[in-house]
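J.: To start, I am sharing the structure in question, which I have written as structure tokens.
The values are calculated or read from the model by the stated rules, or taken from the named source; none is laboratory data. Worth saying up front: this structure is predicted, and the values here are computed from it rather than measured. Every residue, glycine among them, receives a Cβ derived from its backbone with ideal geometry; neighbour counts consider all protein chains shown. Surface accessibility is based on the protein's heavy atoms, side chains included, excluding ligands, DNA and RNA. Shrake-Rupley method; radii C 1.70, N 1.55, O 1.52, S 1.80 Å.
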Amino acid sequence: MKDQGKTDIADLSMLDLFRIEVENYTKLLETGLVEIEQNQTPEKVEPLMRAAHSIKGAARIVELDLVVTLAHAMEDILSAAQHGKMNLTSDHIDMLLQGNDIFQQITKVDIPEIPDWLKKESEAINSLSRSIRGILTGEGPEPIDKKISPQAPVKQDMTPPQISPQTPKTPDKKDEALKTKPLEKDEDSFVRVVSESLNRLMGFAGECLVQARSAKPFSTSLLKMKDWHLELGSALENIFQFTKNTSIPKEVREKFGESLNQLDQIRDLLITQIVDFEVFSRNLERLADQLYGEVVAIRMRPFSDGLPGFPRMVRDLAKNMGKKVNFRIFGETTKIDRDILEKLESPLTHLLRNAIDHGLETPEERLVAQKPAEGTLILEARHSSGMLHVRITDDGNGIDIEKLRQKIVERGHISKEMAANLAEAELLDFLFLPGFSTAAKVTEVSGRGVGLDVVMSMVQEVGGSVRVDTTLGKGTSFYLQLPLTLSVLRTLLVDIGGEPYAIPLSRIDHILEPSPDRLKILEDKQFYTFENEHIGIVDAHQVLQIPVSDDKGSGLYIVVISDRLNRYGLVVDNFVGERELVVVPLDARLGRIPNVSAGAILEDGSPVLILDVDDLVRSIDNLLSYGRLHKVGDRKEIAETSRRRILIVDDSLTVREVERRLLENSGYEVTVAVDGMDGWNTLQLKKFDLVISDVDMPRMNGIELIKKIKGDPNLKDLPVIIVSYKDREEDRIRGLEAGANYYLTKSSFQDKSLNNAVRDMIGEP
């Protein structure tokens with residue numbers, strides 16, 4: 001090796017090439033070594049032997065002798081296995097994987113530090129090389145006292161270019177005797193591209209496509225001009241024919257004729273230009289579409305790019321736990337956005353580790369259950385309906401739904417009575433709560449549930465969904481549905497207040513167009529029943545704080561959206577249609593805009609905001625919590641302040657509903673509160689003309705509420721009516737002494753006593 005203190009720029013350039021080449025070969029070796037442990041054939045061993053040979057040749061060029069020795073030892077073992085001279089055992093595979101780990105660590109060391117790092121680790125590397133070579137001679141492996149240090153300076157995390165340069169090798173007798181074919185070389189060449197530059201290029205390509213498509217209105221305008229021109233020419237021709245029989249000077253008639261000839265020339269030129277423009281427009285749109293498609297393709301990477309470490313992880317974990325696992329991957333060529341592929345690594349790691357630890361049984365347990373000793377674990381990626389579908393399936397013991405139900409109750413998430421009524425799918429959703437686990441004990445690799453909140457967080461971050469299917473004794477499957485790319489969104493365009501807004505299709509549960517009379521009211525809140533579920537209805541104008549347009553149609557258009565906890569129906573003015581939009585990030589100077597995630601440009605060049613569904617659900621939940629929702633169908637009430645407002649405070653749902661309907665039928669605007677504390681909080685948020693309260697309520701009873709109202713300088717003049725089942729005189733006196741203006745019993749519902757009392761206090765609605 002050269003003097004390590006005199007590494008020049010040329011050496012650094014060669015070391016960079018060496019590191020890039022080794023980085024690609026280590027992926028091949030790791031995946032291949034795990035595979036031949038299950039199925040060792042000459043065809044599968046040959047590319048691994050050639051990879052070790054190529055690393056040896058590349059290391060010889062840059063004079064890294066320790067790497068040459070290690071790669072040479074691995075090459076000899078793999079060559080012997082290829083030619084049937086030996087059979088690689090699990091222990092042999094372990095040592096070869098250790099050698100590949102050294103190659104991988106070299107790729108993470110800063111280029112100038114590679115020679116020094118190898119010198120520091122020379123004892124451990126030489127020991128491993130002798131152990132691997134000892135396999136051929138039948139000698140036992142040497143004990144490796146010193147492990148490879150992970151403390152070496154490492155390079156910045158950069159996505160390596162997918163290249164396989166064929167570094168020239170110094171020929172020797174071994175090389176000349178090698179009869180195998182060289183590794184195939186990619187015909188394409190690759191370059192490093194900064195992520196931000198690629199994102200900007202994506203944005204420009206999307207804008208080019210939008211601008212190209214926006215040329216269509218110009219073509220339409222030109223066609224209208226042609227029609228008008230023809231009408232004008234026809235009219236002038238009629239006038240000219242009429243003038244032939246009149247006494248118009250000859251010079252004027254000649255000028256008129258010349259003008260008509262010029263008009264014909266303009267018409268011919270206009271027709272030619274229209275044809276040329278249509279050809280130009282089609283070609284421009286085609287080229288812009290191709291450019292956009294190519295840029296999108298640049299962002300896409302095969303699913304296999306995110307998988308190199310998984311086969312090794314599954315193998316090592318299964319071996320440590322005494323389990324046998326047949327790990328299979330399908331859809332390795334499926335194209336995925338690079339950003340989503342990077343985000344998938346952690347969720348898939350959690351799901352695979354949990355499947356091995358808590359899903360798959362030991363060989364002995366599987367044999368008792370009349371299953372093959374070797375468990376099956378499948379990871380699959382595919383495209384379907386414009387989405388990416390990832391499935392992780394094991395044939396283990398599955399999830400015991402009844403034990404899960406008990407665990408949910410033990411953890412205090414819900415009551416025993418409520419848990420008994422939950423469906424299987426609803427129970428499985430608890431697995432994704434932070435910290436939730438069904439494992440009996442905490443281990444280094446814990447049971448299902450640990451880490452599953454990471455899965456849910458990632459899926460929701462990219463606008464996807466996840467579900468679980470399980471059968472006790474047969475296995476469990478996790479299904480992840482994700483967008484193909486984060487740069488292009490499939491959206492539903494909706495009209496709200498005369499402006500278009502986009503909602504990601506992946507976050508829409510349903511779209512509905514029910515008849516307005518199918519909306520119902522409970523607890524002063526509107527809902528719509530769909531598939532036996534009561535869905536709360538909210539006006540998009542109020543959530544987004546958009547003025548209501550006067551020309552609102554009579555139809556009802558509902559977009560059902562949800563997060564992990566809540567589901568609501570967002571009422572919009574109309575459905576515009578489905579669109580694929582190029583996502584344009586909002587300028588950072590705008591800060592955080594509530595309910596909006598990004599922007600986009602429509603085909604006609606107009607901007608559109610992409611709504612943030614999670615933020616929308618939170619906003620709706622806040623509106624519901626504070627009781628400030630306006631009802632759909634009465635949008636004119638939003639701007640009205642003249643209607644008399646009444647707050648009903650009662651802990652009985654039935655009583656609240658009876659009182660609300662009585663007063664609303666009389667024309668009053670009614671808000672309800674479930675107890676005294678809720679009523680007091682509502683009074684802080686909204687002005688009322690009258691309060692109707694019960695006496696016996698949790699948290700704060702009616703007497704306490706009245707005293708707080710009369711003791712508040714801003715509310716002391718607010719009239720209060722008590723409506724209670726208690727009809728004793730002492731109860732009446734107690735209420736009136738607290739400050740109530742009226743004391744009625746609930747038998748007043750049967751006559752007009754309540755309505756009369758309200759009119760006496762605040763007048764007609």
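J.: Taking the criterion of being within 29 Å of L581 (Cα to Cα) and in contact (Cβ under 8 Å) with a residue 40 or more places away in the chain, would at least one residue in the stretch 319-331 satisfy it?
T.: Yes, the conditions are met somewhere in the stretch 319-331.
J.: Moving to a separate point now. Mind counting the residues in the stretch 479-537 that are among the polar types (S, T, N, Q), touching a residue at least 60 places away in the same chain (Cβ under 8 Å) and open to solvent by 40 Å² or more (accessible area, probe 1.4 Å)?
T.: Total satisfying the criteria: 1.
J.: Does the stretch 142-150 include one or more residues that are at pLDDT below 85, among the β-branched types (V, I, T), part of a loop (DSSP other than H, G, I, E, B) and touching an Asp or Glu at 6+ places or on another chain (Cβ under 6 Å)? Talk me through it step by step, then tell me what you get.
T.: Here is the first cut: in the stretch 142-150, the residues at pLDDT below 85 are 142-150.
Narrowing further to those that are among the β-branched types (V, I, T): 144, 148.
Filter once more, so that each one left must be part of a loop (DSSP other than H, G, I, E, B): 144, 148.
Those still in the list that are touching an Asp or Glu at 6+ places or on another chain (Cβ under 6 Å) too: 148.
Yes, some residue in the stretch 142-150 is at pLDDT below 85, among the β-branched types (V, I, T), part of a loop (DSSP other than H, G, I, E, B) and touching an Asp or Glu at 6+ places or on another chain (Cβ under 6 Å).
J.: Given the condition under 16 Å from T470 (Cβ atoms), out of contact with any strand residue (DSSP E or B) (no Cβ under 9 Å at 6 or more places or on another chain) and among the polar types (S, T, N, Q), answer yes or no: does some residue in the stretch 423-439 qualify? Give the steps one after another, and end with the answer.
T.: Filtering the stretch 423-439 down to residues under 16 Å from T470 (Cβ atoms) leaves 423-432, 436-439.
In the following step, the residues that additionally are out of contact with any strand residue (DSSP E or B) (no Cβ under 9 Å at 6 or more places or on another chain) were identified as 423, 426-427, 430, 436-439.
Imposing the further condition that a residue be among the polar types (S, T, N, Q) reduces the set to 437-438.
Looking for residues that are under 16 Å from T470 (Cβ atoms), out of contact with any strand residue (DSSP E or B) (no Cβ under 9 Å at 6 or more places or on another chain) and among the polar types (S, T, N, Q), one finds at least one in the stretch 423-439, hence yes.
J.: Checking the condition assigned to a helix (DSSP H, G or I), open to solvent by 40 Å² or more (accessible area, probe 1.4 Å), of a type outside the set (G, A, S) and modelled with pLDDT of 80 or more, which residue from R589, R618, R579 passes?
T.: R618
J.: Also, quick follow-up: Give me the pairs, please: first residue somewhere in the stretch 239-263 and farther than 26 Å from D227 by Cα and open to solvent by 50 Å² or more (accessible area, probe 1.4 Å), second residue anywhere and part of a helix (DSSP H, G or I) and β-branched (V, I, T), beta-carbon distance under 9 Å, and either six or more positions apart or on two chains.
T.: Listed pairs, sorted by first residue: V252/T243.
J.: Okay, next question. Would you list the helices (runs of 4 or more DSSP H) that sit entirely within the stretch 32-131 and hold 1 or more residues that are more than 25 Å from L307 (Cα to Cα), among the charged types (D, E, K, R) and open to solvent by 10 Å² or more (accessible area, probe 1.4 Å)?
T.: On the way: elements: 42-61, 65-82, 90-106, 114-120.
Answer list for the stretch 32-131: 42-61, 65-82, 114-120.
J.: Please verify whether R734 is out of contact with any strand residue (DSSP E or B) (no Cβ under 8 Å at 6 or more places or on another chain), surrounded by 15 or more Cβ atoms within 10 Å (Cβ to Cβ), more than 14 Å from I648 (Cβ to Cβ) and at pLDDT below 85, treating the condition exactly as stated.
T.: Yes; evaluated as a whole, the condition is true for this residue.
J.: Only residues that are open to solvent by less than 20 Å² (accessible area, probe 1.4 Å) and closer than 21 Å to K343 by Cβ: list them for the stretch 361-392, please.
T.: L379, A381, L388, V390, I392
J.: Now for a different question. Write out, first by first residue and then by second, each pair whose Cβ atoms fall under 8 Å of each other, whose residues are 6+ apart or on separate chains, and whose first residue, in the stretch 336-360, is assigned to a strand (DSSP E or B) while the second is buried (at least 21 other Cβ atoms within 10 Å of the Cβ) and at pLDDT 85 or above.
T.: Matching pairs, first to second residue: I336/F303; I336/L344; I336/A381; I336/L388.
J.: Here's another thing I want to ask about it. Answer yes or no: is there a residue in the stretch 550-558 that is under 17 Å from the mean Cα position of the chain (by Cα), of a type in the set (S, T, N, Q) and either open to solvent by less than 40 Å² (accessible area, probe 1.4 Å) or farther than 30 Å from E207 by Cβ (or both).
T.: Restricting attention to the stretch 550-558, the residues satisfying the condition of being under 17 Å from the mean Cα position of the chain (by Cα) are none.
Within the stretch 550-558 (the criterion being under 17 Å from the mean Cα position of the chain (by Cα), of a type in the set (S, T, N, Q) and either open to solvent by less than 40 Å² (accessible area, probe 1.4 Å) or farther than 30 Å from E207 by Cβ (or both)), the answer is no, since none of the residues qualifies.
J.: Follow-up. Scan the stretch 368-391 and tell me whether some residue there is more than 20 Å from R490 (Cα to Cα), modelled with pLDDT of 90 or more, in contact with a strand residue (DSSP E or B) (Cβ under 6 Å, 6 or more places away or on another chain) and among the hydroxyl-bearing types (S, T, Y).
T.: Yes, the stretch 368-391 has at least one match.
J.: Is there any pair linking a residue in the stretch 33-50 that is over 16 Å from R312 (Cα atoms) to one that is surrounded by fewer than 17 Cβ atoms within 10 Å (Cβ to Cβ) and of a type in the set (S, T, Y), with Cβ under 6 Å and at least six apart or on different chains, and which?
T.: Within 6 Å, the pairs are R50/T180.
J.: So, one more: I'd like the full set of residues that are surrounded by fewer than 21 Cβ atoms within 10 Å (Cβ to Cβ), touching a residue at least 12 places away in the same chain (Cβ under 8 Å) and in a helix (DSSP H, G or I), limited to the stretch 457-469.
T.: Matches in the stretch 457-469: Q460, E461.
J.: Now for a separate question. Hey, any hits in the stretch 482-491 for a residue that's under 17 Å from D573 (Cβ atoms) and over 10 Å from the mean Cα position of the chain (by Cα)?
T.: So far as the stretch 482-491 goes, yes, one or more of its residues are under 17 Å from D573 (Cβ atoms) and over 10 Å from the mean Cα position of the chain (by Cα).
J.: Can we say T671 is open to solvent by less than 70 Å² (accessible area, probe 1.4 Å), under 46 Å from the mean Cα position of the chain (by Cα) and touching a residue at least 60 places away in the same chain (Cβ under 8 Å)? Explain how you work it out, then say what you get.
T.: On the way: open to solvent by less than 70 Å² (accessible area, probe 1.4 Å): yes; under 46 Å from the mean Cα position of the chain (by Cα): yes; touching a residue at least 60 places away in the same chain (Cβ under 8 Å): yes.
Considered against the rule, which asks whether it is open to solvent by less than 70 Å² (accessible area, probe 1.4 Å), under 46 Å from the mean Cα position of the chain (by Cα) and touching a residue at least 60 places away in the same chain (Cβ under 8 Å), T671 comes out as yes.
J.: When the stretch 311-331 is examined, which residues are found to be surrounded by 15 or more Cβ atoms within 10 Å (Cβ to Cβ) and among the charged types (D, E, K, R)?
T.: Result: R312, R315, K319, K323, K324.
J.: Could we say that G447 is over 30 Å from V548 (Cβ atoms), part of a loop (DSSP other than H, G, I, E, B) and modelled with pLDDT of 85 or more here?
T.: Here the answer is no, as G447 does not meet what is asked.
J.: Can you tell which of L602, L609, L570 is in contact with a Pro (Cβ under 9 Å, 6 or more places away or on another chain), open to solvent by less than 50 Å² (accessible area, probe 1.4 Å) and not aromatic (F, W, Y)?
T.: Criteria check complete, one pass: L602.
J.: Here's another thing I want to ask about it. Select from the stretch 682-695 the residues that are of a type outside the set (S, T, Y) and either crowded, with 19+ Cβ neighbours inside 10 Å or free of Cβ contacts under 8 Å to residues at least 12 places away in the same chain (or both) and list them in ascending order.
T.: Answer for the stretch 682-695, where residues must be of a type outside the set (S, T, Y) and either crowded, with 19+ Cβ neighbours inside 10 Å or free of Cβ contacts under 8 Å to residues at least 12 places away in the same chain (or both): L683, Q684, F688, L690, V691, I692, D694, V695.
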